[in-house]
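The values are calculated or read from the model by the stated rules, or taken from the named source; none is laboratory data. Not measured: the values here are computed from a predicted model. Note: ideal-geometry Cβ built from the backbone for every residue, glycine included; neighbour counts use all protein chains shown. When the accessible area is computed, the model is the full protein with side chains, heavy atoms only, and any ligands, DNA or RNA have been set aside. Shrake-Rupley method; radii C 1.70, N 1.55, O 1.52, S 1.80 Å.
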Amino acid sequence: MKYDLLAIVGPTASGKTGRAVELAQALSGEILSGDSRQVYAGMDLGTGKDLEEYGDVPYHLIDILPAGEKYNLYAYLRDYDKALRGIKARGKFPILCGGTGLYVESALTGMKLPEVPENKELRESLQGKSLEELAGILASMKTLHNVTDIDTEKRAVRAIEIQTYYQQHPEEAPLESSARRPADRFLVVGVDIDRENRRKRISERLVKRLECGMVDEVRRLIDAGVDPENLIYYGLEYKYLTLYVTGKIPYDRMVSELEIAIHQFAKRQMTWFRGMERRGVPIHWLPYDMPPDEFVGNVKALLEI
């Protein structure tokens, strides 16, 4: 084939997983998750794993860590490279599917990162600072493309820690040519959904997941010993559900604020993907409601099969 790798991208609730599965079945492929939270076991409803959709299609980078652990781009790229090599060694076609733009773009473009160690002295100096103050410090160090860096105080401190390391070790910064590996020949297909239908599907999916026990999922995680602060660190569903379960906010407020946050997240995802295109990563957008056979046929044509 002309390409070594296919990526399926799009905002949350666009139906990416189903499309990736259809393509994996048609291309004798295996799926690599490009989602920063689906790596955690037990965090199923909140991360939208939809594991039942995979059927007999092999998938990777899902349920590889216990809930409560910390995961980052460095670890993802390490695990991604290992999984990708395994797929190719088996003679299967790799399909990267996900909505975490930073992870997907970094994997596609061959980004390599150093493992940034903890800086205890820096962390102590940042103790007691508000999220607004931390965001200001980080903004003075880099352009804030990824707003999840300032979703919580812990995330902001870690982001400052990483940026400080790059300033002290410029030869290891991600933009340096020495920090890149040869990229695969990849094709990126986007699942295109208009704003109105995207918002409708997000709202409907949230109701369904709450009915399926998303609150109980968070309770089980806390009962199993996961620190509520770590769940809040994961953001979105886990942030608001944990605040509700721990009695910080009432149920109606939790649902309302979570729905708004997911809509905002989907908008940020699209902003990232448009940015990918500006940064030289072409994305071929296909309608979210295209019939499966037609969708697969279009992708095969793009792959020049």
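Quick look at the numbers
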item	result
Solvent exposure ordering (accessible area, 1.4 Å, most first) of Tyr165, Tyr74	Tyr74, Tyr165
Computed over the chain: relative contact order in percent, which uses C-alpha pairs under 8 Å that are six or more apart	27
Dipole of the chain, positive end: most advanced residue of Gly42, Ala224, Ile87 [Cβ charges, Cα centre]	Ile87
Estimated inter-spin distance, Arg220 and Leu303, nm [label 7 Å along Cα→Cβ]	3.4
Debye, to nearest 20: dipole size of the stretch 153-305, +1 on Lys, Arg Cβ, -1 on Asp, Glu Cβ	280
Over the stretch 79-131: Kirkwood hydrodynamic radius from C-alpha pairwise inverse distances, Å	14.4
Rounded accessible area of Cys212 (nearest 10 Å², 1.4 Å probe)	80
Calculated FRET efficiency for the pair Lys248/Gln127, C-beta based, R₀ 30 Å, to 0.05	0.85
Cα-centre dipole for the stretch 232-305 with unit charges at Cβ (Lys and Arg positive, Asp and Glu negative), debye to 20	480
Residue order for Lys120, Lys2, Lys300, Lys49 - accessible surface, 1.4 angstrom probe, largest first	Lys120, Lys2, Lys300, Lys49
Sites Trp285 and Asp227 - FRET efficiency at Förster radius 25 Å, r taken between beta-carbons, to 0.05	0.05
Inverse mean reciprocal Cα-Cα distance (Kirkwood Rh) of the stretch 36-134, Å	15.9
The chain - mean residue ellipticity at 222 nm from DSSP helices (-39,500 (n - 2.57) per run, n ≥ 4, rounded to 500)	-15500 deg cm²/dmol
The chain - charge dipole about Cα centre, Lys and Arg +1 at Cβ, Asp and Glu -1, debye rounded to 20	540
Carbon + sulfur, % of accessible area of the chain - ligands and nucleic acids excluded, 1.4 Å	49
Dipole of the chain, positive direction: furthest Cα of Leu32, Val215, His169, with charges on the beta-carbon	His169
For the stretch 1-44, accessible area per residue (1.4 Å probe, heavy atoms of protein chains only), Å²	24
Accessible surface of Glu121 - all protein chains present, 1.4 Å probe, nearest 10 Å²	150
Euclidean distance between Cα centres, the stretch 263-295 to the stretch 48-96, Å	21
Subset of Lys129/Lys267; Lys49/Lys142; Lys2/Lys88; Lys16/Lys82; Lys120/Lys248 violating a 21 Å alpha-carbon distance limit	Lys129/Lys267; Lys49/Lys142; Lys16/Lys82; Lys120/Lys248
